[in-house]
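Notes to accompany the following structure.
The values are calculated or read from the model by the stated rules, or taken from the named source; none is laboratory data. This structure is a prediction, so every number in the text was calculated from the model and none was measured. A quick note on method: Cβ atoms are made from the backbone with ideal geometry, for glycine too, and the neighbour counts reach across all protein chains shown. Side chains are part of the model used for accessible areas, which takes the heavy atoms of the whole protein and leaves out ligands, DNA and RNA. Shrake-Rupley method; radii C 1.70, N 1.55, O 1.52, S 1.80 Å.
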Amino acid sequence: MPSFRTGAVVRLLEERRGLQRVEVDFGDGPERAYVLTEVTGPVAVGDRVVVNTTAVELGLGTGGWHVVHWNLAREEWREPGPGHVLKARYTSLQADVGSTEERDPSLAAAADVGGMPVVAAGLHSQVPAVAVAFKDAAPAARLVYVMTDGAGLPLALSDLVAALTGRGLLDATVTCGQAFGGDFEAVSLFSALAVARHAAGADAVVVAMGPGVAGTGTRLGFSAIEVGPVLDAAAALGGRPVACLRASFADPRPRHRGLSHHSATALGLACRSRVTVPLPLVGGPEEETLRAGVAAAGLDARHDIVTVKPPDVLGLFERHGLAVTSMGRPAAADPVLFACAAVAGTLAAELVFPLHPGAA
């Protein structure tokens, strides 16, 4: 259950669209918190605020900041929305974010994405690897990020997305389900893919949850199982589904070493369509272990496994000034994880070429 405390804002650390990061003093020294300004309004130094402290008390990683729940310096606050679609529905923070579907007439009968490549990744931290590889191969093509509600709900919280959009590596963002804050809002995953294609002009899409993947150590109890239904949605809408594997040789947990059980279950059980699974040619015992994991999970029988030479993803991160981490580890400490994502981006770019020959 949630925990709340009241304190005073003592310092503004950072501010961008939809987000402030601040320090709040509860009486025993400053602690970090963030403010979702499009939900509760902005704060200023000196304001007394009610703060949700649950994540920090639980010792969570990505969610290890307090969250400002309400600013006691004001008695009311309102921000008119663009429509009638609510997100965070039936909570005290439900907000009218509207939806692209209710405003764009071109979406009224949309039910096809015209062969658009759709990369499905299970980790938010893999999105930058997909993006840099895609743009390296097809710099003129438009790549749109669809953020699901499988983890963190506010897109404003993602430093990675802020960096990728600021550098032109993502051309637009769509938030679907209960996730909010994208350039475009969508009610469902299916409509989000249509919005990306027809409203945002995507040549390709990368779909992943926001920061903060959830897992329980059980076969089915993890949020990245959504990769399967994402790929099925892409196939149903006439897209080209591309699965981004999760694999690691740095993660100390046996269930995530080599091919992660998240990928094995999402692709072996949850995904009902036949999809393309790029496997990075990383060489040596790591590639042998990865291939063995794919075979042991039966993925080579259910899907089309294609081998792809990965680009220098660490070099691409450095070229674009991106500091990418996953599970607290820098990208250089877990290169295979990002190679898996990079080859998905490379393959998506290759699939764009027959659709738009000038995209390269």
Hits in the stretch 1-24 - residues which are farther than 17 Å from Trp70 by Cβ and either over 25 Å from the mean Cα position of the chain (by Cα) or assigned to a strand (DSSP E or B) (or both): Met1, Val10, Arg11, Leu12, Leu13, Glu14, Glu15, Arg16, Arg21, Glu23
Where a residue in the stretch 12-27 is free of Cβ contacts under 8 Å to residues at least 12 places away in the same chain and its partner, wherever it lies, is open to solvent by 70 Å² or more (accessible area, probe 1.4 Å) and assigned to a strand (DSSP E or B), with Cβ under 9 Å and at least six apart: none
Residue that is nearest to Ala151 (Cα to Cα), among those in the stretch 63-109 that are of a type in the set (Lys, Arg) and under 24 Å from the mean Cα position of the chain (by Cα): Lys87
Residue in the stretch 35-47 that is without any contact (Cβ under 8 Å) to a residue 24 or more places away in the chain and in a strand (DSSP E or B) present: no
Identity of the residue in the stretch 62-72, farther than 13 Å from Val24 by Cα and open to solvent by less than 70 Å² (accessible area, probe 1.4 Å), that ends up modelled with the lowest pLDDT: Gly63
Filter pass, Arg32 being farther than 18 Å from Leu153 by Cα, open to solvent by 80 Å² or more (accessible area, probe 1.4 Å) and in contact with a His (Cβ under 8 Å, 6 or more places away or on another chain): yes
Out of Ser248, Ser263, sole residue that is touching a residue at least 12 places away in the same chain (Cβ under 8 Å), among the hydroxyl-bearing types (Ser, Thr, Tyr) and within 28 Å of Arg167 (Cα to Cα): Ser248
Filter result for Arg78 (of a type outside the set (S, T, N, Q), touching a helix residue (DSSP H, G or I) at 6+ places or on another chain (Cβ under 9 Å) and modelled with pLDDT under 95): no
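Matching residues to (1) in a loop (DSSP other than H, G, I, E, B); (2) within 15 Å of the chain's Cα centre (by Cα); (3) in contact (Cβ under 8 Å) with a residue 60 or more places away in the chain:
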{"residue": "Ala202", "(1), (2), (3)": "yes, no, yes"}
{"residue": "Val205", "(1), (2), (3)": "no, yes, yes"}
{"residue": "Pro211", "(1), (2), (3)": "yes, yes, yes"}
{"residue": "Ile225", "(1), (2), (3)": "no, yes, no"}
{"residue": "Asp232", "(1), (2), (3)": "no, no, no"}
Count of the stretch 123-148 residues which are farther than 17 Å from Leu316 by Cα and open to solvent by 10 Å² or more (accessible area, probe 1.4 Å): 2
Which listed residue, of Val213, Val206, is under 30 Å from His84 (Cβ atoms) and of a type outside the set (Gly, Ala, Ser): Val206
When residues of the stretch 84-95 are limited to those that are in a loop (DSSP other than H, G, I, E, B) and open to solvent by less than 30 Å² (accessible area, probe 1.4 Å), the one farthest from Arg48 (Cα to Cα): Val85
So Thr173, is it surrounded by fewer than 24 Cβ atoms within 10 Å (Cβ to Cβ), hydroxyl-bearing (Ser, Thr, Tyr), part of a helix (DSSP H, G or I) and on the phi < 0 side of the Ramachandran plot: no
Failed item in (1) touching a residue at least 40 places away in the same chain (Cβ under 8 Å); (2) touching a strand residue (DSSP E or B) at 6+ places or on another chain (Cβ under 7 Å), with Leu93 passing the rest: (2)
Residue that is modelled with the highest pLDDT [pool: residues in the stretch 100-118 that are of a type outside the set (D, E, K, R) and more than 16 Å from Gly238 (Cβ to Cβ)]: Thr100
